[in-house]
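Below is one structure, written out as structure tokens; comments come after it.
The values are calculated or read from the model by the stated rules, or taken from the named source; none is laboratory data. Worth saying up front: this structure is predicted, and the values here are computed from it rather than measured. Neighbour counts run over all protein chains shown; Cβ positions are idealised from the backbone, glycine included.
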Amino acid sequence: MPAGDVTAQARESAAFRELTEPYHRELQVHCYRMLGSFQDAEDALQETLLAAWQGFAGFQGRASLRTWLYRIATNRCLNARRTASRRPAKAWDIPQVDPPEPTRLGEVVWLEPFPDALLEDAPLGPEARYELTEAVSLAFVTALQLLPPRQLAVLILRDVLGFPAVEVAGMLDASVESVKSALKRARASLRHQRPPAAADLAAADAIVAKFVRAWEAADVEALVSLLTDDVTMSMPPIPFEYQGRDAVARFSASIFQAGRRFHLVPTRANGQPAFGAYLRAPDGTMHGTGLYVVTLAGDRISALTRFENSALRWFGLPRSLPS
């Protein structure tokens, strides 16, 4: 390739990066809502940027650059949902732990947490019906995954991001009427999915501190006292779910059996308190076993979600801690 062509291409590439970089983070969050998986969202974002770069010469500015990028990202995510095999459920693999029979099996086993540190540049639209923390909560993202793909896309674009119906129709190559119909059905499906109001900051901090003390002390009775009656415990990609205080108490007791003790390192995920869980070894070292996300409802904990230790690196947490 002649030197002049290389220089021109480099300038075009730099110009493209300068124009699109302000949208990278919000597009990543959008892909996460669409797919429910941090890893899949990363892949979809890279595919979006590649497709945008390849098609940039044909972008004629009839829509805003942001709208054009969201069109590409949304359709990449829809393709992923329709054609890619989702991450399969995983068998129980925690050594030295014999879990009780689960209450039920979860449907969304590919769910992964999203670090709060990456949410700062993820704005909502002026017509958005949700607050940011609500729009990335695990309960909301899980509920989204149960919607049909077209309804999912419409609800996110309209109610979370606030795009006008006519722009959403253009993104999806659909009529405005079909967009309104899909939105109506999606809203009906999510009507009972709105999370309860959380405690104020001081009360939330107090609950979380009590949770840490109870978990690190393997005090099941103290832990159960912090839970709502209908609390749920889930652990994707393992499909086991436990519902109710008694069921969660039995599961927690199984985790602490044989003298297993943990150290919790605080972080935040999906707008919620989260902790890297480290199992104490006989030599004093601590090995990461997973990431727990805590959902608060008033002055109680309404859900606990455990993710695999592979999620620790997304939060800047090490796989092990020194003694």
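Do you know which of the residues in the stretch 271-312 that are assigned to a strand (DSSP E or B) and on the phi > 0 side of the Ramachandran plot is surrounded by the fewest Cβ atoms within 10 Å (Cβ to Cβ)? Can you show your working first?
Let us first name the residues in the stretch 271-312 that are assigned to a strand (DSSP E or B), namely 272-280, 286-298, 300-307.
Filter once more, keeping what is on the phi > 0 side of the Ramachandran plot: 290, 298.
Values: 290: 20, 298: 14.
In this case the residue turns out to be 298.
Inspect the stretch 225-236 for any residue being within 30 Å of residue 73 (Cβ to Cβ) and among the hydrophobic types (A, V, I, L, M, F, W, C) and give the result as yes or no. Talk me through it step by step, then tell me what you get.
Narrowing the stretch 225-236 to residues within 30 Å of residue 73 (Cβ to Cβ): 234-236.
Pick out the ones that are also among the hydrophobic types (A, V, I, L, M, F, W, C) and you get 235.
Looking for residues that are within 30 Å of residue 73 (Cβ to Cβ) and among the hydrophobic types (A, V, I, L, M, F, W, C), one finds at least one in the stretch 225-236, hence yes.
Among the residues in the stretch 240-253, are any closer than 20 Å to residue 309 by Cα and surrounded by fewer than 19 Cβ atoms within 10 Å (Cβ to Cβ)? Give the derivation first.
Filtering the stretch 240-253 for residues closer than 20 Å to residue 309 by Cα gives 240-241, 251-252.
If we keep only those that are surrounded by fewer than 19 Cβ atoms within 10 Å (Cβ to Cβ) as well, we get none.
Scanning the stretch 240-253, I find no residue that is closer than 20 Å to residue 309 by Cα and surrounded by fewer than 19 Cβ atoms within 10 Å (Cβ to Cβ), so the answer is no.
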When residues of the stretch 129-187 are filtered for being assigned to a helix (DSSP H, G or I), under 22 Å from the mean Cα position of the chain (by Cα) and basic (Lys, Arg), how many remain? 3
Quick one: what pairs do we get from the stretch 147-167, first residue free of Cβ contacts under 8 Å to residues at least 24 places away in the same chain, second in a helix (DSSP H, G or I) and of a type outside the set (A, V, I, L, M, F, W, C), C-beta under 8 Å, 6+ apart or different chains? 165/158; 165/180
Apart from one, (1) surrounded by fewer than 17 Cβ atoms within 10 Å (Cβ to Cβ); (2) small (Gly, Ala, Ser); (3) not in a helix (DSSP H, G or I) all hold for residue 203; the odd one out is (3)
Out of the residues in the stretch 76-108 meeting the condition of being under 30 Å from residue 259 (Cβ atoms) and within 21 Å of the chain's Cα centre (by Cα), tell me which one is surrounded by the most Cβ atoms within 10 Å (Cβ to Cβ). 106
Residue satisfying all of: in the stretch 207-232; under 13 Å from residue 298 (Cα atoms) and either modelled with pLDDT under 95 or of a type in the set (Val, Ile, Thr) (or both); surrounded by the most Cβ atoms within 10 Å (Cβ to Cβ) among these: 231
